[in-house]
Each structure stands twice: as C-alpha cells, then as structure tokens.
1. Report, in listed order, any pair from K79/K617; K477/K517; K41/K249; K452/K570; K79/K249 with a Cα-Cα distance greater than 29 Å.
2. For region 513-614, which trypsin sites (Lys or Arg not before Pro) are both in a DSSP coil and crowded by at most 12 other Cβ atoms within 10 Å?
3. Name the residues whose placed amide hydrogens come within less than 5 Å of the amide hydrogen of K245, ignoring near sequence neighbours (fewer than 5 apart) on the same chain.
4. Step through the residues of region 569-579 one at a time and calculate ³J(HN,Hα) from phi using the Karplus curve (6.51 cos²θ - 1.76 cosθ + 1.60, θ = phi - 60°), rounding each to whole Hz and writing x for Gly and Pro.
5. Using a Cα-Cα cut-off of under 14 Å, which aspartates and glutamates could be cross-linked to K308, ignoring same-chain neighbours fewer than 8 residues away?
6. Could you name the lysines in cross-link range of K479, using Cα to Cα under 18 Å and dropping any fewer than eight places away on the same chain?
7. Tell me, what is a quarter of the convex hull surface for the C-alpha atoms of region 96-182, in nm² with one decimal?
8. Can you give the convex hull volume of the alpha carbon atoms of region 547-622 per residue, in Å³?
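The values are calculated or read from the model by the stated rules, or taken from the named source; none is laboratory data. Since the model is a prediction, treat every value here as computed from it, not as a measurement. Note: ideal-geometry Cβ built from the backbone for every residue, glycine included; neighbour counts use all protein chains shown. The area values use the complete protein model at the heavy-atom level, side chains included, leaving out ligands, DNA and RNA. Shrake-Rupley method; radii C 1.70, N 1.55, O 1.52, S 1.80 Å.
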Amino acid sequence: MCGIVGYIGKKNALPIVIDGLKALEYRGYDSAGVALWDGVKIRFEKTAGRVSALESRLSRKSWSGKSAIAHTRWATHGKPSDRNAHPHADCQSGIFVVHNGIIENYAELREALIREGHSFLSETDTEILAHLFERPFLSAGQIFLEDAVLEGLRHVNGTFGLAVISKHDPEKIVVARRGSPIILGIGDGEYLVASDASAVVGITKNVIYLHDNEAAVLTPSKMEIFSTLGGSAFGGNLSKKTLQKPIDKIDWDISEAQKSGHPHFMRKEIFEGPSALENVLLGRLLEEGSAKLGGIVAVRDRLLQAKKIIISACGTSYYAGLVGKYYFEELAKIPASVEYASEFRYSNPVIDPDTVAIFVSQSGETADTLEALREAKKRGALTLGVVNVVGSTIARESDAGIYNHAGPEIGVASTKAFISQLGALVLLALFLGRERGAVSDVLGQKLVMELKALPAKMKKVLAGDAGVKKLAEKYSKYKNFLYLGRKYNFPVALEGALKLKEISYRHAEGYASGEMKHGPIALIDENFPTVALAPKDPVYEKILSNIQEIKARNGRVLAVATEGDEKIGKLADDVIFIPQTLEMLTPILSVIPLQLFAYHTAALLGLDVDKPRNLAKSVTVE
Ligand code: M6R
C-alpha cells in the first residue's frame, strides 16, 4: 500500500522524510519519490525501486529545505516506473502531490483536462489531482493553496489521503483525507503528515488523526484543521469550518505502529478484510444490478462469447477459484472448471478461442500460475488475470484483468487477498451474467445491495474475535482436524484447513462433507475434531446429517452457522455465528472465523505466525 510522509519546520526536511519513507517500507511498495521546497523552488526526485535507490540519487545533490513531501508507491494505475512514481506535478511544475487511494472517475477527468489543454506525463490517477489543483490558479490568479485543493477535490470521486506543496503558495503543506488514513504529527516547532504512525514516531508521539472529509494546512508556526461546510464534503462550496481536534499520544513502538497495534501482520490483515472487499468493489458496482470493470473493456466482445471458463491458480488463490466456478456457472451460465496451475501446465488442456482462462494470483509472480497462463495463451485462450500486485508478471502477460486493490499482504498466510479475490470473481460473474441475459434485474440488484452490506457484516464477525480465541485455546490440544463444507463452503473448508496447517503445523484436512462417509469418517473419534461449515443455505440439512454422523462416533464438532440458528447448538459442541447473507456470499463471511481460529492457534502455540517454517510469500520457482 502506498505511504505518505511530509515535514515542515526548522530542520532540513529531506533526511526526515527519507527516514519516514524507510519506516513505511514494511508496507510494500514499488517506487519512491520526494518533493522539497528549498526556499526558492521545488526540487523533486523519484524512482522505481527501493528507497535506498532514491537516497543514492539524492546523495549526489546538496538539497536542503524546510518543507518536503515524500511517497512510497504501490502501483494501482500504471506499472511501477520512474514516471509513475509520486510526487506528480501540474503542467508548470508548480504544484506537487503525493496521494494514497483511488480516483474512480480519473478516466473522465483526464479526458476533460486534456480537452482544456493540460498534458500528462504519467499513467496514474494521482496526476489528475495536480492538474485539478492547477486550474484555480490559472483562472483566479493568486489564491491560497488550500482553496485550490478544495476546489479541485470537488470534482473527484473515490478515495484519497494526500499532501500537496506549491511554489505559488510556499511555506505550507496542504493535506486532505477521504477514505485513506492521514495522521498529523506535532513536534517542537515542526509538523508532520503521514499515512501511518510509523513514519512520525521517530520525531513525535503527539498526533492528530484526520477524519474523512477533513483537511489541514501545516505551516512552520501553526497547523489549522478544518472540515468543509455544506451538504457533501469537498463539494458544494469552498467554505471551511475550523476544527479543534484532540491530540492523541502514540504509546506504541515503531514495529507495533507498523502493525497498527496488532501483534502480527496476519491479524492486521484479517481485520483489513472489510476494507479489502470495499476496495475491490469501489467504483465497480452499478445500482441497476451489474458491474463495471475497466480492465476487461478491451476484450469485452470475446469474453461475452465464452463457451468455457478455466480457472487456474495455486494455494489459497486456487480455493478462491473453486468458489469462482460456482459464480460463473450460477450467474453467467458458463461451464467452468478449476485446475491447479502446477497440473494444468502439464495436462495437455483442451482449449479453443472460445475458452476464457482466468489466472488468480495475489502476488502475480507465482511460477506455476505464470507458466499455466503462458500455456493457455499459446493454445489460443483469452487470458484474464485476477491479481493484487499491479504491474506483476501475470498482470502484464494476461490479455486483460481485474486488480484486487487489497494492498500489500505481508503475512505469508493469505487472508484479505482471498476475500478480495472472491469480490473480483463475483463481480466478473455478475457482469457476464447481466450482459448475457442470465441474471435478472432483480437478482442483480439484490446481489449489488448485499455486496454493499457485506463489509459491515464482516466487521460483526471480526467483533467475535475474543470468542474465537477462547475456542482456539480449547482446541489447541488436538493434533488433527477435519474441515467440512458443501457447495459454496466446500472451498472454504479447504481454505480453513490450509490456514491451520500452514501456520500452526497442525494436520488439517478439508473435505466436501458429502464425501466424508466415503473414507474420512474412519478417522473420527474423540481426538479428531471437525470444523463444520453449516450456514443456512440449501445444503444446510445435509451438513447437519454429517454432524450427526460425527457425533454418533464421539467426534467433537465446532460449527460455523448462521445467526438465529437454534438447531445447531443442540448438535455441535461449539458454534461460531455469522450474519445472514446470500448463499453465494457466505464464503466471504464464513472464512473469517477460520482465519482467526488458525491465527489464534498458531499464536497460542508461540509459532512464527507471519513467517511459518518452509514457506515463502511468493513462490517464484516451480
Ligand atoms: O501469490 P499467489 O496468490 O499466486 O500465491 C499462491 C499460493 O502460493 C498462496 O496462496 C499460498 O498458498 C499461501 N501461503 C496461502 O496462505
């Protein structure tokens, strides 16, 4: 995820913001840059690659100045490159912007700005902002930078946390927030801005958290925070209401700050699930009950003619693909199959030009998935990537695709990426279903409404974290587990078992519950507990029968069930409840307790949760 840091005060700002960028490196990034007001002009430097590369370029210059903004970029629009790195500037290089978030209407704004005569150097959505902030200076002449920023933001849909400096109104940093975190640091005769507390704790522990639709002006001598008046914030008019906000004290050290107070990245990322879903849906849901996916527009016609879909991936991404198969068959009425990428590449697959091959990968670099993609391309399929890391090899080599926008995932165990993969796949299936006439207006609208409601329901599941921890304590003595699910929740059973085994080193098997009596039932006894996914859906009664079969053999059962289900409590030993949702969306809720259960089990056992033995985050060898 991108990182922002800015400084204004008595000291040389450059080394301070570079240190801030280093503190943000843990978030993952692909490029870095800085802009500095040296008292006469704005100097800037940016580069693809590491902060150390930026530092080595800067070491050849003897710049100094009292205010600077800096950024680490995690690509969303446009590949990682020097040009796409932040800061971005307007036509006259008079205004420099660093930005986190996504500008949804950037394509329309870019076209409109080009028609007005603005020219662009990068492929980013952020560059739009610099040109939007330039317009008031062109029309009104001398105005305050904050007024130009607020005027520009009136045109923007989407999310932002941003910092701006300008030679037209120097000696200040203007910041604003909507949907992307911004923290203000208060030092001794100095102010800082950052997207993350870790970038300021080296200088000050006194901070103010900016809320959505708030902005601030930082100068060497004071800081003014304001919200905009009127109906919609950053809209309507330019009047500002000054706010007095409380100063908070950071009582974490830097490594805790990087994990936002969570003991491990995995826990932080599980709790980021709701925002991962929001981000993959952002700007892509249509009220009329469909989806808008910019990344597949170029291949739309071929996609709509698909006679067959093959999904290929590894690990957690493969399990997301298994859920995707149900989506494509149920919503788009297109036959779909799912193949392990490591098998697919050697399986002599039958592919023709009407085949769409979808490759799901968080990293976009998994060697087997990449080779499967190349094989499918060679055989003439239309290839799509569902990828989190922008500009990764799978993203580049696919014909088209959908980015997850889940932000970097640092824990080796994939959690929020799985959620966002399901989001991307259901969007694609909904789009295909609507365009092919297989999904009615009513169903489409219902799905859109329920997807919008889902992040709040996910937060409700996460609020049960302490209860899941207690269950992990109770079950941590067992060495073997069976995970059962059916239909949409069969892949969730597989994913839950994978989570447990990879971080807690407990043996866990995921099974389609109907298959239990064909073998695994022989394992059941009082020492072999079962985690049963039993939401209220059309296969609920079937899984209830399986639970009865397990209980009849003295097996222990921990069930995940729908709120209000009174029957299950009489059968299972323990129950975790999830809110009601559409059947096809239950995996997005039911996987959360399994992620938490695996997390707490591993943490209780004192294991290295974020870096389990023998595993790598990205498997770039066969
Ligand atoms: O980056 P990818 O999604 O292509 O990675 C695929 C698997 O290596 C990955 O999901 C792996 O199984 C995770 N450790 C699961 O938590």
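1. Table pairs above 29 Å Cα-Cα are K41/K249; K452/K570; K79/K249.
2. Filter output for region 513-614: R613.
3. Residues meeting the criterion, in which the H sits 1.01 Å from N, do not exist here.
4. x, 7, 9, 7, 6, 9, 9, 10, 9, 10, x
5. Answer for K308, where 14 Å is the Cα cut-off: E329, E330, E339, D352, D354, listed by chain and number.
6. K469, K470, K499, K501
7. Mean projected area of the Cα convex hull: 5.2 nm².
8. 174 Å³
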